[in-house]
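Below is one structure, written out as structure tokens; the observations come after it.
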Amino acid sequence: MSDVEAVDQLSAIKDQIYAEVGKVIIGQKQVVEELLIALLSGGHCLLVGVPGLAKTTLIQTLARTLDLSFGRIQFTPDLMPSDITGTDVLEEDADGRKAFRFIKGPLFAHIILADEINRTPPKTQAALLQAMQEHAVTAGGETMHLDEPFFVLATQNPIEQEGTYPLPEAQRDRFIFELWIDYPDQSEEEDIVRATTSVAKAEVQKVVDAAQLVALQQLVRRVPVADHCIRYAVELVRASRPTNSQAPDYVREMVNWGAGPRASQYLVLAAKARAILAGRHSVAVEDIRAVALPVMRHRIVVNFHAEAQNINAQGLVERLLADIEPES
């Protein structure tokens, strides 16, 4: 199958995925699309939202639709690294010989739900770093590769911050998107109540499998992108850095640290995935602008001047998008 045919096929597959997820998840279409973009890009996601917005259900449903194994880790203050990666146990065979055997932890799955990742100490948070970056786990001096595709989808509760351990910037930077999940509107909430308080249970059908998803990830990387699109993505990211001579005055005044080069890479990669999901065979500037908020807002650290004016990273990215014009 040619790449052109694969893009056309993906457009049909996308509609099937939305339909299957929609059997369980009412509304949140933009979040589902952004999750799919992240998965096709091979990136990990941070999901931020108050409790009760079906974040866990959404991820479980997506895993079933994509025929991927699913592992959930509830992060707590007493969680140890070996609780998620696995541990060696001493076993004795029938002849009395003893040997260590590695018992895999919940990290050995295609999709990992890291629930409330900011509630566990940095030592355990750091145990995810190798898995997220290298798709491998090292235990007992042996490195074991994780099955592909591998995604970490981590949730955070934005309300309660007491007793939490905020993710360090180096780890936040490894997530391609930070997705914000908001309350449904009234009609959607009525549908949610109607669906979840009845005896009917939706049956989700599998649309693609792991091998097909890996092939689609490779397809994303083959999507062509023009130089002016790359230039715009880099200019947008560089404008968020207060040390850059071309940065706007408000960035120099309100930002401590801007987005790094990984943001530029993820802007282009996510734009490629968005383009082929829309059935297009090349990237447009509008694709980059559409993914700029989820890519950049968790990579910009504002200072007290911004906080005093109730301005956050989201507002700064929106202002940059309004001020920095792409090439005509």
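The values are calculated or read from the model by the stated rules, or taken from the named source; none is laboratory data. All figures in this text were calculated on a predicted structure; none of them were measured in a lab. When we count neighbours, we look across all protein chains shown, and the Cβ atoms used for this are built from the backbone with ideal geometry, even at glycine.
Tabulated data
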{"quantity": "Residue that is at pLDDT below 85 and closer than 21 Å to VAL301 by Cβ, where the choices are LEU179, LEU129", "calculated": "LEU129"}
{"quantity": "Set LYS23, LYS14, LYS55: member being closer than 26 Å to TYR183 by Cα, among the charged types (D, E, K, R) and touching a Ser or Thr at 6+ places or on another chain (Cβ under 6 Å)", "calculated": "LYS55"}
{"quantity": "Of all residues in the range 92-108 being assigned to a strand (DSSP E or B) and of a type in the set (A, V, I, L, M, F, W, C), the one that is nearest to the chain's Cα centre (by Cα)", "calculated": "ILE103"}
{"quantity": "Matching residues, the range 216-233, being touching a helix residue (DSSP H, G or I) at 6+ places or on another chain (Cβ under 8 Å) and small (Gly, Ala, Ser)", "calculated": "ALA233"}
{"quantity": "Selection status of ALA313, surrounded by 22 or more Cβ atoms within 10 Å (Cβ to Cβ), in contact with a His (Cβ under 9 Å, 6 or more places away or on another chain) and closer than 19 Å to PRO242 by Cβ", "calculated": "yes"}
{"quantity": "The listed residue being buried (at least 20 other Cβ atoms within 10 Å of the Cβ) and either under 20 Å from the mean Cα position of the chain (by Cα) or closer than 18 Å to LEU62 by Cβ (or both), out of LEU267, LEU219, LEU236", "calculated": "LEU267"}
{"quantity": "Filtered residues of the range 47-73 (kept if at negative phi, modelled with pLDDT under 90 and loosely packed, with under 14 Cβ neighbours inside 10 Å)", "calculated": "VAL50, PRO51, THR57"}
{"quantity": "Output for the range 271-288, where each listed residue is among the β-branched types (Val, Ile, Thr) and either within 22 Å of LEU236 (Cα to Cα) or in a loop (DSSP other than H, G, I, E, B) (or both)", "calculated": "VAL283, VAL285, ILE288"}
{"quantity": "Some residue of the range 117-126 being touching a strand residue (DSSP E or B) at 6+ places or on another chain (Cβ under 6 Å), surrounded by 13 or more Cβ atoms within 10 Å (Cβ to Cβ) and assigned by TED's automatic domain parsing to the domain that holds PHE175", "calculated": "yes"}
{"quantity": "Filtered residue count, the range 248-262, keeping only those that are buried (at least 18 other Cβ atoms within 10 Å of the Cβ) and without any contact (Cβ under 8 Å) to a residue 12 or more places away in the chain", "calculated": "0"}
{"quantity": "Given (1) within 21 Å of the chain's Cα centre (by Cα); (2) surrounded by fewer than 17 Cβ atoms within 10 Å (Cβ to Cβ); (3) in contact (Cβ under 8 Å) with a residue 60 or more places away in the chain, index of the condition GLU318 fails", "calculated": "(3)"}
{"quantity": "All helices (runs of 4 or more DSSP H) inside the range 119-224 with 1 or more residues being under 26 Å from THR76 (Cα atoms)", "calculated": "122-134, 169-172"}
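Residue by residue, here is whether (1) assigned by TED's automatic domain parsing to the domain that holds GLY43; (2) surrounded by fewer than 12 Cβ atoms within 10 Å (Cβ to Cβ); (3) more than 16 Å from the chain's Cα centre (by Cα) holds:
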residue: THR138; (1), (2), (3): yes, no, yes
residue: GLU142; (1), (2), (3): yes, yes, yes
residue: GLN156; (1), (2), (3): yes, no, no
residue: TYR165; (1), (2), (3): yes, no, yes
residue: ALA170; (1), (2), (3): yes, yes, no
residue: PHE175; (1), (2), (3): yes, no, no
residue: LEU179; (1), (2), (3): yes, no, no
residue: GLU190; (1), (2), (3): yes, no, yes
residue: VAL207; (1), (2), (3): yes, no, yes
